[in-house]
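Everything on this sheet refers to the single structure shown next.
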Amino acid sequence: MAMSDTVRVRFAPSPTGSFHVGSARTALFNWAFARHHKGVFILRIEDTDSSRSTDEHIVQILDVLRWLGLDWDEGPPTPGYRQTERFDIYRAHGERLLLEGRAYRCRCTREILDALRAAAKARKEQFRYPGTCREAGVPASEPHALRLRMPLAGQTVVEDAILGTVTFDNDTLDDWILVRTDGTPTYNFCVVVDDVTMKITHVIRGNDHLNNTPKQIVCYAALGYATPLFAHIPMILAPDRSKMSKRHGATTIEEFRDQGILPEALVNYLARLGWSHGDDEIFSPKDIAEHFALAQVGKAGAVFDREKLLWVSYEWIRAAAPERLAGALTPFLGPALGPASAASAALFDPARLAAIAASLKERSRTLVEMAEQAVFYFRPPAAYDAQATAKFWGPEAPHRYAVLIKRHQAQEAFDPESLEGLYRGLASEMGLKLVDLAQLTRIAITGKTASPPVFQVAVLLGKAETIARLKAALAAVERAKPPVGAGR
Ligand code: GLU
């Protein structure tokens, strides 16, 4: 490719199933490559397998790409980027290949081919079409498929930007079908015609397609086009180095979204899954676009590491603006609060949600974890942590709670600094450490001994709610108190 040519790459998913991490990473690498080279990123829907392709899956692909922030420059909803809309183009290219003698008509029926296949199997050989019709001059009037005339000897070489030189012996490749007897084009033919007509300069895809590449290279040449540059990305592997699948946990992008991973975090993690840039780990989409290079994509399969994903996710949550987190957190609050939740709408005020998110963002690896930790902001603790009460609910606790309640009632300014002043004064009056009082309050308002800064939590709950929870804790301590005379 000449330096002045614009880079044009494509992500070409088949809408036949859920959107997996492997596909997302392929999309990301194409996007990053295009952005790095100020090129064009094209989305093409490979829906020729009409029995398995669905419109729902197409919608899902567009949704997921948008959620990940992988914006495409050409593609749906503009018409002409679904293969089922392009059958005339494939047929025209097939006819041209026939006219130029690069393809030929084949009248071998399914029965004949099945019998040949069975015979090859019996001989424990790989089936190859024997070229029965290659020189037969089958007339157009007979039902026929169209086959590509492949070289009979020599080698086809793939100069892969990631894998290096990969050589295929031509005598292992047979004259493959371009257009079936029913007039429908085959998958490999559509891919080549699309890549040619869409002027694709670099084909970046999963290495599960490597075996298609020599067939496709011959087809490019037959059509009279230069081959694009190929880059086959190694697979994503499970920790046991097997192919990643359902049994290893989440594999689809929607599952990760539902687990409360921010899209930037997932993009960051997927970028590092096979690609590296020095020792850096945290990359924004902009950083990825700036630094991405195929030369730094590893040849070996990349192992999916859930702990690392959670660490990256934690870093992105920690760095996110509270307002953004509040928006992202909202859909997770309903499930965390449960169906019986009667929390009032005022508790979901955007500014309050942002403050809640800010208080929890250093303590959450996912939005699900954040939502679970946020429950006490919406309703009183359902129970008090047993270890916490064992440690802090001693004989003095009822008195201390009673004092705390009275002082909170008398307290006018209800902000973290004023509350800290109140607790410091009270602690020195009572000859206690600040923490002894603060932990009592923390247990009362959150149910636990670990939470975001207690005065901050109290302020977010408001004075009335804080006092109500102190009173509830006092009642609970009273109930738990051993009867008088039981040896206090
Ligand atoms: N449609 C293929 C897939 O979803 C991609 C083909 C290609 O990139 O050439 O795996």
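The values are calculated or read from the model by the stated rules, or taken from the named source; none is laboratory data. These numbers come from a predicted model, not from an experiment. Virtual Cβ from ideal backbone geometry, glycine too; neighbours counted across all protein chains shown.
For this structure, a couple of remarks:
- Per the listing I282, I204, the residue uniquely surrounded by 22 or more Cβ atoms within 10 Å (Cβ to Cβ) and not in a helix (DSSP H, G or I) is I204.
- The stretch 1-50: number of residues that are within 14 Å of the ligand (Cβ to nearest atom), free of Cβ contacts under 8 Å to residues at least 60 places away in the same chain and in a strand (DSSP E or B): 3
- Looking only at the stretch 207-259, residues that are crowded, with 18+ Cβ neighbours inside 10 Å, aromatic (F, W, Y) and not in a strand (DSSP E or B) come to 1 in all.
- Out of A371, A386, sole residue that is surrounded by 13 or more Cβ atoms within 10 Å (Cβ to Cβ) and within 48 Å of the chain's Cα centre (by Cα): A371
- Residues of the stretch 17-46 satisfying the condition of being among the β-branched types (V, I, T) and either at pLDDT below 95 or under 17 Å from the mean Cα position of the chain (by Cα) (or both): V21, T26
- Candidate set: the stretch 178-201, residues that are part of a loop (DSSP other than H, G, I, E, B) and within 25 Å of T109 (Cβ to Cβ); chosen: the one nearest to the ligand (Cβ to nearest atom): T186
- Top-ranked residue in the stretch 152-177 [being touching a Leu at 6+ places or on another chain (Cβ under 8 Å) and more than 16 Å from the ligand (Cβ to nearest atom); ranked as nearest to R107 (Cα to Cα)]: I177
- Hits in the stretch 145-186 - residues which are under 24 Å from D88 (Cα atoms) and of a type in the set (G, A, S): A145, G183
- Extreme residue, nearest to the ligand (Cβ to nearest atom), among residues of the stretch 202-215 that are closer than 17 Å to L294 by Cβ and among the polar types (S, T, N, Q): T213
- Some residue of the stretch 322-345 being out of contact with any strand residue (DSSP E or B) (no Cβ under 8 Å at 6 or more places or on another chain), free of Cβ contacts under 8 Å to residues at least 12 places away in the same chain and either buried (at least 20 other Cβ atoms within 10 Å of the Cβ) or among the acidic types (D, E) (or both): no
- Residue match in the stretch 56-65 (condition: closer than 25 Å to A161 by Cβ and either more than 11 Å from the ligand (Cβ to nearest atom) or among the aromatic types (F, W, Y) (or both)): yes
- Residue in the stretch 333-340 that is part of a loop (DSSP other than H, G, I, E, B), touching a Lys or Arg at 6+ places or on another chain (Cβ under 7 Å), modelled with pLDDT under 95 and among the aliphatic types (A, V, I, L, M) present: no
- D287 being surrounded by 14 or more Cβ atoms within 10 Å (Cβ to Cβ) and of a type in the set (D, E, K, R): yes
- Of all residues in the stretch 1-16 being at pLDDT 95 or above and under 15 Å from K38 (Cα atoms), the one that is nearest to the chain's Cα centre (by Cα): R10
- H232 vs. criteria within 13 Å of the ligand (Cβ to nearest atom) and not acidic (D, E): yes
- Failed item in (1) in a helix (DSSP H, G or I); (2) buried (at least 19 other Cβ atoms within 10 Å of the Cβ), with A351 passing the rest: (2)
- Of the residues making up the stretch 370-420, just one is assigned to a loop (DSSP other than H, G, I, E, B), under 22 Å from A357 (Cβ atoms), of a type in the set (D, E, K, R) and modelled with pLDDT of 95 or more, namely D415.
- All told, L98 falls short of being among the aliphatic types (A, V, I, L, M), assigned to a loop (DSSP other than H, G, I, E, B), more than 14 Å from the ligand (Cβ to nearest atom) and at pLDDT 95 or above.
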